[in-house]
Each structure stands twice: as C-alpha cells, then as structure tokens.
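Asks: One structure is given below, represented as structure tokens, and several questions about it will come after.
The values are calculated or read from the model by the stated rules, or taken from the named source; none is laboratory data. Quick caveat, the model's predicted, so the values are computed rather than measured. Please note: Cβ atoms are built from the backbone with ideal geometry, for glycine as well, and neighbour counts cover all protein chains shown.
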C-alpha cells in the first residue's frame, strides 16, 4: 500500500485546530439560574450524552477525505524490466501414452498432469530449490500427431499457467501419434523470432534492439518415439542448431533401447518399451543440451533444477506498473459521515441558540 500524493496528508494538521476551536475557544450561549442544586441531581439525557457526536463525525469525515486526497493505492502486478533474459519453449507430448500413471508427491497422476505441475514449479518457483523464471520469456508447444502452440512466448507467466491448465490428452484416435520432429520445429520457429515477439508485446517496435535475449532453449518432454509428422527429429534439431537453440530432452517412462525393457521383462510386467533414448540423446548432444530420464515427479523436478542451474538469467530491476485505487471507499464513507453530521445538527441534536 502506498499514497500517490503523500503531501496531502499534511492537511491532517487542521484536525487539532478544529478541536481547539470547538472545545476551548468557542463559547456557547449561557442561561443564568439562581441555583444549580436541582440540575446537578438530574440524569443526563441521551441527547446530552451525544452532544459531541456531530463533532466526532465531522472529524472522522475530514480525516477520511484527506486520506482519499492522498490516493491510497496498491500494485497488483509485478513487471520486470528485462534487458538480459532467456527464451524458453517447453515442448510437451500429449499423446495417449502420456495417460499412464506416474507418482507425484505421494499421489498417482497421469504423466501429462505431472509434467504440467512440475512445469508450473519451474516457472513460478516451488519455495525450495526452484526460484522461478520471472525474467524469462516462456512459451509452450504441445504435440501428438500434430504440433500446436499452446502459449506464445511471453513474460506474463500468469497467462502461461492458465493456458497450460487447459492442455489435455488427445481424445481422438485420428489425432494420436508422436510427432517429435514437428513439435521441435514449431518451437524452434517461435524462438527464432523471439526478439520481435518481445518487442511487439512491449509496444516498442522501433527500439527492438534494446531487448537482448541471452540464450534460447527448448525443453522437450516425451514418453515415446517419433512415428509421424512432416519433419524428422534430426531435421528439426539441425534447424535449432542453425538458429543457435539448445535442446534439453527429458524422457518420461521406459527406455525402448534398453534390452531389459524389450525382452522377457517387458512381457512379464506387461509394460511395453516407450522412450527412444538414442534419438533424445542425439538431439541434446547435437545442440549443446543434456538428456535425462524421469520416472516420477521427484526425478522430473530434479532435472528441472539442473536446467535451472545451467540456464541462469539476470534481473535488472522490478517496478509496479499497474495499481488498484482505494480512494473511492474513503471518499464515500467521508461523505456519508458529513451528511449524517449535518442531519443530526439540524434535527435531533440541534442546539438553541
């Protein structure tokens, strides 16, 4: 809470002057009596007890008016002045296999829900090891048989969270699949124009060169192997490398290249091989990123913590740009008190003379 015009509070100095004038200097009319013996024995009436009420109402009303003039307000959104940040596109698999169960903080959720929850901690912080990515451009691309931009690159992370909440598993067989290459290609294209996107959001196209993006990265999360799409993962990685984009790959589930997961073990457990670790490893190595596997919420969180340490950004300054005004209630209550004072002085608490 702050005051837009704090100098207006100096007007509170008139309150002691009003009290002095009403209680000390001002003299009321007098009536002479030969004896006060009977008057002393009488019990004061309610009107006599409330004789000072109009004065108290006037003082309260004036105090509230002065506070309203000072314009109390509160910032409702933090906006970071960015000069050095990181542009991050998170590419998430939402194919049917992401509906398999996974452990997260003692709960059993599907893989997609766990990915969404840990992503939210990565962006906003978890109060422990993840501090949040408040100074970075964040966007999300999802894919199954087709790639789709869920959220464009933005600094408004509240909007990112709302859009991500609506990400669901595919519910049509015709849309199911794992187009890893298309997902990476779409994310890389978004990152290629990240500076222009940031300048457009800032309504400052003429000075777009003042925005410096320290690095551009893609975080890919999938539990399968590329089996559809117009672009192969290798082709998409070449584009990313050409545009200076690193790819961090995270496999969710089982390794399809592990012999133990392809033979007797898989038949015994009924679990089919899933993650193509060779491709994910190649994507990361060719672009300067890292590859990791995650089989529960804790391991996924640990991977994000590692990426968080590797990709640090600088916060230049913080400022409030949007304020909520609180002066109207002060002004309305003050007006009501002053009207009530006038009514009482003219009707029930009127004095003669």
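Asks: Would you mind telling me which numbered condition in (1) at pLDDT below 95; (2) in contact with a helix residue (DSSP H, G or I) (Cβ under 9 Å, 6 or more places away or on another chain); (3) within 25 Å of residue 246 (Cα to Cα) residue 143 fails?
Replies: Of everything listed in (1) at pLDDT below 95; (2) in contact with a helix residue (DSSP H, G or I) (Cβ under 9 Å, 6 or more places away or on another chain); (3) within 25 Å of residue 246 (Cα to Cα), residue 143 misses just condition (1).
Asks: Could you check the range 206-263 and list, in sequence order, the residues that are part of a loop (DSSP other than H, G, I, E, B), modelled with pLDDT under 90 and closer than 25 Å to residue 311 by Cβ?
Replies: If the condition is that a residue be part of a loop (DSSP other than H, G, I, E, B), modelled with pLDDT under 90 and closer than 25 Å to residue 311 by Cβ, then 211, 253 are the ones that fit.
Asks: A follow-up question, please. List the helices (runs of 4 or more DSSP H) inside the range 274-353, counting only whole elements, that have at least 1 residues being under 30 Å from residue 118 (Cα atoms) and modelled with pLDDT of 90 or more.
Replies: Once the helices (runs of 4 or more DSSP H) in the range 274-353 are filtered for at least 1 residues that are under 30 Å from residue 118 (Cα atoms) and modelled with pLDDT of 90 or more, what remains is 277-287, 297-310.
Asks: Only one of these conditions is not met by residue 75: (1) over 27 Å from residue 232 (Cβ atoms); (2) in a strand (DSSP E or B); (3) touching a helix residue (DSSP H, G or I) at 6+ places or on another chain (Cβ under 8 Å). Which number is it?
Replies: Evaluating residue 75 over (1) over 27 Å from residue 232 (Cβ atoms); (2) in a strand (DSSP E or B); (3) touching a helix residue (DSSP H, G or I) at 6+ places or on another chain (Cβ under 8 Å) leaves (3) as the failure.
Asks: Only one of (1) modelled with pLDDT under 80; (2) assigned by TED's automatic domain parsing to the domain that holds residue 251 is not met by residue 89, so which one is it?
Replies: Looking at each condition in turn, residue 89 falls short on (1).
Asks: Considering the range 156-181 alone, what residues qualify as being out of contact with any helix residue (DSSP H, G or I) (no Cβ under 7 Å at 6 or more places or on another chain) and part of a loop (DSSP other than H, G, I, E, B)?
Replies: Of everything in the range 156-181, those that are out of contact with any helix residue (DSSP H, G or I) (no Cβ under 7 Å at 6 or more places or on another chain) and part of a loop (DSSP other than H, G, I, E, B) turn out to be 156, 166, 168, 171, 172, 177, 178, 179.
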